[in-house]
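Have a look at the structure below, then the notes.
The values are calculated or read from the model by the stated rules, or taken from the named source; none is laboratory data. For clarity, every value in this text was computed on a predicted model and none was experimentally measured. So basically every Cβ, Gly included, is an ideal-geometry build from the backbone, and we count neighbours across all protein chains shown. What goes into the accessible areas is simple: the full protein's heavy atoms, side chains included, and nothing from ligands, DNA or RNA. Shrake-Rupley method; radii C 1.70, N 1.55, O 1.52, S 1.80 Å.
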Number of protein chains: 2
Amino acid sequence: MWTFDGIPVARIEAAYGVTLDRTWLDAVQASAVRLTNGCSAGLVSGEGLAVTNGHCVADCAQALSSSGDDYVQDGFLTEAREDERKCPGLQAEVLLTIIDVTDQVRLASEGKAGRDFVQARDGALAVAELAACGQDQTLRCQAIGFFRGGQYKVYKYRRYNDVRLVFMPEMASASFGGDPDNFNFPRYAFDIGFVRLYVDDAPAATPTFLPWRGKPPADGEPTFVVGNPGSTERQLTVAQLETQRDVVLPMLQLQRAELRGRLIQFGRDDADQARAASQALAWVQNSYKLSVGKQAALNDPAFLDAKRADDAALRAKVAADPKLADTTGAWDEIAKAQPAAADLFPALRMLETGAGGGSELYYYARLLVRAALERAKPEAERLPEYADARLPLIERKLADAPPIDPALERIYLEHWLLKTREALTVDAPRVRALLGRDSPERLAEALSGSALSDPEVRMALWKGGLAAVEASDDPLVRFVLRADPIARAARAAYEARVSGPVDIAAEKIAKARVAVLGDGAYPDATFSLRLSYGKVAGWKARGEAVRATTTFAGFYDRVTGVEPFAAAPRWLEAKGRLKSDTVFDFVSTNDIIGGNSGSPVLDAKGRLMGVAFDGNLPSLGGAYGYDGARNRTISVSAVAIVEALSKVYGRDALVKELTGR
Amino acid sequence: MWTFDGIPVARIEAAYGVTLDRTWLDAVQASAVRLTNGCSAGLVSGEGLAVTNGHCVADCAQALSSSGDDYVQDGFLTEAREDERKCPGLQAEVLLTIIDVTDQVRLASEGKAGRDFVQARDGALAVAELAACGQDQTLRCQAIGFFRGGQYKVYKYRRYNDVRLVFMPEMASASFGGDPDNFNFPRYAFDIGFVRLYVDDAPAATPTFLPWRGKPPADGEPTFVVGNPGSTERQLTVAQLETQRDVVLPMLQLQRAELRGRLIQFGRDDADQARAASQALAWVQNSYKLSVGKQAALNDPAFLDAKRADDAALRAKVAADPKLADTTGAWDEIAKAQPAAADLFPALRMLETGAGGGSELYYYARLLVRAALERAKPEAERLPEYADARLPLIERKLADAPPIDPALERIYLEHWLLKTREALTVDAPRVRALLGRDSPERLAEALSGSALSDPEVRMALWKGGLAAVEASDDPLVRFVLRADPIARAARAAYEARVSGPVDIAAEKIAKARVAVLGDGAYPDATFSLRLSYGKVAGWKARGEAVRATTTFAGFYDRVTGVEPFAAAPRWLEAKGRLKSDTVFDFVSTNDIIGGNSGSPVLDAKGRLMGVAFDGNLPSLGGAYGYDGARNRTISVSAVAIVEALSKVYGRDALVKELTGR
């Protein structure tokens, strides 16, 4: 996960004999796309066409669907450019430059502690963003901390507000194998999708793009994954990992498991409800398995022992270096904050970071209430996420109109209120303040009747500011007005006793790490552009070798006809036409994580050989540390994409745009 | 949790100044009742009347309900003896004698290992049972291992097959506070119930019973809890506890959380379904919280450190004693088996010990299939639970007719099949053998159509034996015939690589513990009669003192009118008549665990001062170790019972039977 201002060219050359020169890197950077829905993509034609995953455009396909057209189930299969349709709310960003702002952020936050430190740092980051991009709406600037505060950079992007859906296969193909196959291999998913970037209602000119490769991936050949890994926590100390293991992950998993049960049952005997819940369920199942995988890594004594050895080695080097004297106590400072982290996390999660439990309506209500309260203050006193530079994005979010299902909203809200009462206890004054004399069940029913599903209602409250919000009789707005001080108190307590002291200590450790170890390691993932190098390779699971590739023939063998192993009719019909030994999916040793979905997988010449869509189960532990023996990236091969576009879907124009033939 | 053949009379005298003489102990033993549904009770009149918990008779009340009478919701409030009704399938047992059979069991199993050891031991236990009770149907003999194999005893009981429901309050009173209050305190639950033992259609003569006490519990006074704690695992080594923490408990919790979500959602918008699922949901929520509490104890580093110190202290003493030389390696042998335990537990759980996921139909089908297969073998070669001595109980279970809800059955089966596929992976041959080319969803639907809900169908298969079972076209019988060898293989593998070696090593440690420490500690709970001594006392939670008692006044303060804090109408109406300062529920330091529900709580004179119905949250860690500073038993006071029976329910005859007035 190397940043593009720090690619270890010599090391790659030594390991794989491949030289990534400036031309290679510049072309790849200019072809790499970040999608604002948390996915990656790659430009594959000069006319703004980008390849990504099917699961990355499923939300769009669902938003474009109507009672007559179910694009998620049937696929979104355009014939011509005119059929391409704008994905509501989706934006694409291509990285232009990286600006180092470490010094100015340090200057602003130096000597501060606790919540003051957090506010000063985040304020300085907002200022740096504004300085780099101004008010230019074709740009986006995002300040990002690397090495847990060891470095701060502003990433400046070309922004595309008009992203249109070009192609998505049927969900049965994109997610063949469903939840059971998720994070597993061998795999037979056609998890790809295409979007096109538009400017002024015409396809964007993208002269730099990734050439398509006609040859299948070969065992052992070098692979380069270019995309935006979302988040890793590899610099957490062992004390922090234990809090993750014992407090954070169990709570997340258990709540997701229960919500999963609710969503499954909700759709059990009602096809319409099942369809309405399908994306939500897929999301919950995926999140659930993610935390299960992370927990498995932390439950592995060998994994934590290795982390312990890392901590000890760095501490020994720090202790031996008089220049780093003020860092020696940092590990203990972090450890000292862990009891508070364990105590305060449930309230932070339930009341602040996970408030609303996934409800879109709650998200809008809180955005409106908080924005109204914060905009009434001088910028320096606001919560950092409501700085002036963030307001346009908030406004756009409020104006978007993704579909909202009231029945699902009620499930999310009820589940959240029930779990909040359980986690914080019935008699806690803040729980009583939230619920009053009502029950979670009745309250959720009332709140899910909010009119905030209507973007016009939202925009009226946004424009009306605090006066309008305070005068609103919407049940959810009124509820959030009541909940907001409680949530802020939970956050302030956590920042004062956990984030504040921990971030300061972590920054010291991060600086020491860079000082002692040099730039021999890459920073934690931050949903910013990274390059990972590796090779096509299987691995060993339960003592048996797992091969690196699957074929179309294997796919047809696995089809049972029953969900989630039912093939789409189009694929059944095309069976005889497809080359059965075509490499379908493949694994490689690249270090990726959620956010890399849709990342182009390139060969040594920078040609597109596949599209990453998943990791194997051990790769989920990659959140805390990469294990090259077991962690694998799973991709759809470029040859399978072209073969299927041509013979299953008859999309010759698209094939020609990709391959020139 | 002292056994009645090892009460530490001197120690109790030293601690509390109370002398429990033979008369006291004999009277208490003769008054203590074990219910076959996993609860405890106490005789409180000479005519077979026993007090227990409301939640212990809720299943019975549900079975007796019809479309017109919902005894769970409205309570089962008899006016006269003639209204008392038999609880289907419920039996009561009163302990007569305890017979030590350690030597003969040792002799049979000595020198054997692995599965052979398990079979020889269990075979010898079955023989000992038969020797003690013969075929006398008024008796029950049960062989029980104590100290993890350090001792074996046969418990000989007077058995009552006719147990009738006398009184159960409305569920809103019995479980006031519902899941949020479960395992919490302060508490305001009227969780009591009365049953009567019958012999030959007349109330049983029970000349020895517990006298009722008219005085409320006083802070600090000694309390004696007499009942049947179900199961503790306090002699597990740290290596085993880590397997519990990292493998067993997370799996159980996550599956229960998901099932809980399904059951909540199942009842969400349908009052009939909500009612049908209410008991199932209560059970799942209770099991869920139990494992959460156990996990919390194991996640507490101080708790495991104390266990580590215990292990180390015992190992040091063993190492210093040449007579115990063959025990020195036992801890390492147990540790060495833990990777296999972690590997094999998921299959053991999904295919064998938790097979069917709670489905009653599955339980019957497996009982029928296994019994047919096992009865065809010589007794010595059978699975121990199908020894001749066990067959009458199996037959009675098959003949019982508790209500079975097909919709719930389908949920259980589907959830189980889905989780089995998830835990054991899609491509595993045994999963393929179970599912064939079907999906868990479709298969569960087909299986839940089984005709085994009809006791006549079951009895026909029971009587027809293997030929009838193999000829059956019932979908569930056919499925279990297919699943049985797979389940047996999972069990055999676990016994060979885990239970076998671990049980042998654990028995060595247990013997060494007794040799080194004497009988200064009681054995793990085994759902057999125990006495726990303690005192009325609150504790400190989150730095604040929790008082030991609640009152009726506190109950009325807590009522919100919304579930689960809605009071039953009868209680609202009676408010003015009740003495508001009556002690309602109280806590004491007694060491109890699930199975103790319904246990009489006695004062120094052996008078009934309350009925235990719950523990506090820290007490759930009592599965692994008792912490007197925090673990608490929660009971309904005897004074509250009489006050409410009289002024809320107008049951003067019952009050007279209890108090003589």
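Observations
- Among the residues making up segment B:410-419, a single one is aliphatic (A, V, I, L, M), at the interface with another protein chain (Cβ under 9 Å from one of its Cβ atoms) and open to solvent by less than 20 Å² (accessible area, probe 1.4 Å): B:I411.
Conditions (1) surrounded by fewer than 19 Cβ atoms within 10 Å (Cβ to Cβ); (2) of a type in the set (G, A, S), marked per residue:
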position	(1), (2)
B:L368	no, no
B:A371	no, yes
B:P403	yes, no
B:L408	no, no
B:R421	no, no
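- Scanning segment B:296-308 for residues that are away from chain A (no Cβ under 13 Å) and among the aliphatic types (A, V, I, L, M) turns up just one, B:A306.
- Test: residue in segment A:135-149 that is open to solvent by 20 Å² or more (accessible area, probe 1.4 Å), away from every other protein chain (no Cβ under 14 Å) and touching a Pro at 6+ places or on another chain (Cβ under 7 Å): yes
- Checking segment B:626-635 against the condition returns a match, with at least one residue being under 19 Å from B:D181 (Cα atoms), part of a loop (DSSP other than H, G, I, E, B) and without any contact (Cβ under 8 Å) to a residue 60 or more places away in the chain.
- So A:G293, is it within 14 Å of chain B (Cβ to nearest Cβ), part of a loop (DSSP other than H, G, I, E, B) and open to solvent by less than 60 Å² (accessible area, probe 1.4 Å): no
- Qualifying residue in segment B:111-123 (condition: away from chain A (no Cβ under 14 Å) and at pLDDT 95 or above): no
- Per the conditions (1) under 28 Å from the mean Cα position of the chain (by Cα); (2) under 19 Å from B:Q244 (Cα atoms); (3) at pLDDT 95 or above, the sole criterion not satisfied by B:W331 is (1).
- If the condition is being crowded, with 17+ Cβ neighbours inside 10 Å and in a helix (DSSP H, G or I), then segment B:380-396 contributes B:P384, B:Y386, B:A389, B:R390, B:I394.
- Residue that is out of contact with any strand residue (DSSP E or B) (no Cβ under 7 Å at 6 or more places or on another chain) and either open to solvent by 10 Å² or more (accessible area, probe 1.4 Å) or farther than 30 Å from B:F584 by Cβ (or both), where the choices are B:V546, B:V516: B:V516
- Candidates B:E233, B:E221, B:E242, filtered to the one that is more than 14 Å from chain A (Cβ to nearest Cβ) and over 19 Å from the mean Cα position of the chain (by Cα): B:E221
- Residue match in segment B:265-284 (condition: outside any helix (DSSP H, G or I), away from every other protein chain (no Cβ under 11 Å) and either surrounded by fewer than 20 Cβ atoms within 10 Å (Cβ to Cβ) or acidic (D, E) (or both)): no
- Helices (runs of 4 or more DSSP H) fully within segment B:1-99 counting 2 or more residues that are open to solvent by less than 10 Å² (accessible area, probe 1.4 Å): B:22-31, B:54-64
- Subset tally (residues that are acidic (D, E) and open to solvent by 10 Å² or more (accessible area, probe 1.4 Å)) for segment B:592-636: 2
- Evaluation of A:N299 against (1) open to solvent by less than 20 Å² (accessible area, probe 1.4 Å); (2) within 30 Å of B:E258 (Cα to Cα) (one fails), failing number: (1)
- Taking the criterion of being open to solvent by less than 10 Å² (accessible area, probe 1.4 Å), in a strand (DSSP E or B) and among the aromatic types (F, W, Y), the residues of segment B:153-194 that qualify are B:Y155, B:Y157, B:F167, B:F194.
- Checked against the criterion of being open to solvent by less than 20 Å² (accessible area, probe 1.4 Å), more than 14 Å from every other protein chain (Cβ to nearest Cβ), touching an Asp or Glu at 6+ places or on another chain (Cβ under 6 Å) and part of a helix (DSSP H, G or I), the candidates B:A483, B:A487 yield just one match: B:A487.
- Subset of segment B:556-582 (residues that are outside any loop (DSSP other than H, G, I, E, B) and either in contact with a helix residue (DSSP H, G or I) (Cβ under 6 Å, 6 or more places away or on another chain) or open to solvent by less than 10 Å² (accessible area, probe 1.4 Å) (or both)): B:W571, B:A574
- Residues in segment A:458-474 that are surrounded by fewer than 18 Cβ atoms within 10 Å (Cβ to Cβ) and either within 14 Å of another protein chain (Cβ to nearest Cβ) or in a helix (DSSP H, G or I) (or both): A:M459, A:A460, A:K463, A:G464, A:G465, A:L466, A:A467, A:A468, A:E470, A:A471.
- Unmet requirement for A:E233, which otherwise passes all of (1) open to solvent by 10 Å² or more (accessible area, probe 1.4 Å); (2) at pLDDT 95 or above: (2)
- For segment B:251-264, taking the residues that are more than 7 Å from every other protein chain (Cβ to nearest Cβ) and of a type in the set (A, V, I, L, M, F, W, C), the one that is farthest from B:L424 (Cα to Cα) is identified as B:L263.
- Scanning segment A:424-449 for residues that are open to solvent by less than 40 Å² (accessible area, probe 1.4 Å) and assigned to a helix (DSSP H, G or I), we see that the one that is farthest from the other protein chains (Cβ to nearest Cβ) is A:L447.
- Single match in A:P429, A:P403 (criterion: out of contact with any strand residue (DSSP E or B) (no Cβ under 9 Å at 6 or more places or on another chain) and modelled with pLDDT under 90): A:P403
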